[in-house]
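Heads up, the thing below is written out as structure tokens.
Quick note: the coordinates plus some simple rules give every number you see, no bench work behind them. Here the structure is a predicted model, which is why all the values come from computation and not from measurement. Don't worry about glycine lacking a Cβ; one is built from the backbone with ideal geometry, like all the others, and counts go over all protein chains shown.
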Amino acid sequence: MIVAGIGPGNPDFVLPAALHAIRSAKVLVGGSRALADFAVEGQCTMTIRGDIPAVLSFIDEKLREQDVVVMVSGDPGYFSLLDALRRSYDEELLQVIPGISSVQFAFARLALPWHDASFLSFHGRRPSDEELSYTPGRVLGIITDKAYSSRTIPKLLMELGWPKEAKTAICARLSYDDERIVRTTLGGAVSEREETHCVVVVIG
Ligand SMILES: C[S@@+](CC[C@H](N)C(=O)[O-])C[C@H]1O[C@@H](n2cnc3c(N)ncnc32)[C@H](O)[C@@H]1O
């Protein structure tokens, strides 16, 4: 099985090796937008929705006869279906093709080095207060979801002692034509348009 990272979404930012694997796949699994953008005629496809056991049993069934390519957003190693696949399959069965993570892409758009940054995910989880603690100069790169968004995360960080003046960038729909990057502060982010699937970068 091949697990291919499709980066932030725009085909211009997908590795040629991933594009080749995706286009030559007989069985292709991915989110609805990824399938709409990357699937080619004649492929057997399955859309990843919330039901991960259903996706795993589809993959199981198809693997009996042919190889399967699974597309995941960003890089497979960073909060993706790869985690569940590693629990179900031996690592020798998995070939992973890396992709540009949305967080990496956001830092590139902001021309900001990320070697000292802390990466946190609020996607279906909440980091501990300790992981979110404030120290002057600390840089955070955060992925979000519906419950923890570009509005609720800044509010939480301020409750945990981050200054309202901390520089903040809300980076949504990265790499797409309607990409939207708002440079503001933690205090300002609370009244900006809410983005549920984005990268929030905070410089403390
Ligand atoms: C399940 S996580 C997947 C992370 C992915 N493996 C990565 O390396 O970027 C999904 C979250 O990634 C972020 N994300 C993925 N693609 C994005 C994009 N094009 N623009 C902004 N954020 C994105 C959003 O926070 C989204 O809720």
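Given the alpha-carbon gyration tensor of the stretch 102-203, what are the semi-axes of its equivalent ellipsoid in whole angstrom, ordered largest first, with each equal to the square root of 5 times an eigenvalue?
Semi-axes (√(5λ), whole Å): 18, 15, 13.
For the chain, give the magnitude of the charge dipole about the Cα centre (Cβ charges: +1 Lys/Arg, -1 Asp/Glu; no others), in debye to the nearest 20.
520
Among the lysines, which fall within straight-line cross-link reach of residue 164, defined as a Cα-Cα distance under 30 Å, with same-chain neighbours fewer than 8 residues apart omitted?
Hits, sequence-local ones excluded: 146, 155.
Taking only the alpha-carbon atoms of the chain, what semi-axes of the equivalent ellipsoid follow from 5 times the gyration tensor eigenvalues under a square root, in whole Å, largest first?
Equivalent ellipsoid semi-axes, largest first: 34, 17, 14 Å.
Rounded to the nearest 20 Debye, what is the dipole magnitude of the stretch 102-203 about its Cα centre when Lys and Arg each give +1 and Asp and Glu each give -1 at the C-beta?
120
Which value in deg cm²/dmol, rounded to the nearest 500, describes the helix-derived mean residue ellipticity at 222 nm for the chain, given -39,500 (n - 2.57) per DSSP H run of n ≥ 4 and division by the residue count?
Counting only the DSSP helices, I get -7000 deg cm²/dmol.
Could you line up 142, 203, 6, 100 from fewest to most neighbouring Cβ atoms inside 10 Å?
So the residues, fewest neighbours to most, are 203, 100, 142, 6.
Please enumerate, by chain and number, the lysines with C-alpha under 21 Å from the C-alpha of residue 62, excluding those fewer than 8 residues away in the same chain.
Answer for residue 62, where 21 Å is the Cα cut-off: 26, listed by chain and number.
Based only on Cα atoms, what mean projected area does the convex hull of the stretch 1-57 have, in nm²?
It is 4.0 nm².
Rounded to two decimals, what is Rg over Rh for the stretch 2-97 when you use alpha-carbon atoms and the Kirkwood radius?
Rg/Rh: 0.91.
At 4 °C and 1.567 mPa s, grab the translational diffusion coefficient of the stretch 136-180 from Stokes-Einstein with a Kirkwood Rh over Cα pairs, rounded to a whole number in µm² per second.
This corresponds to a translational diffusion coefficient of 109 µm²/s.
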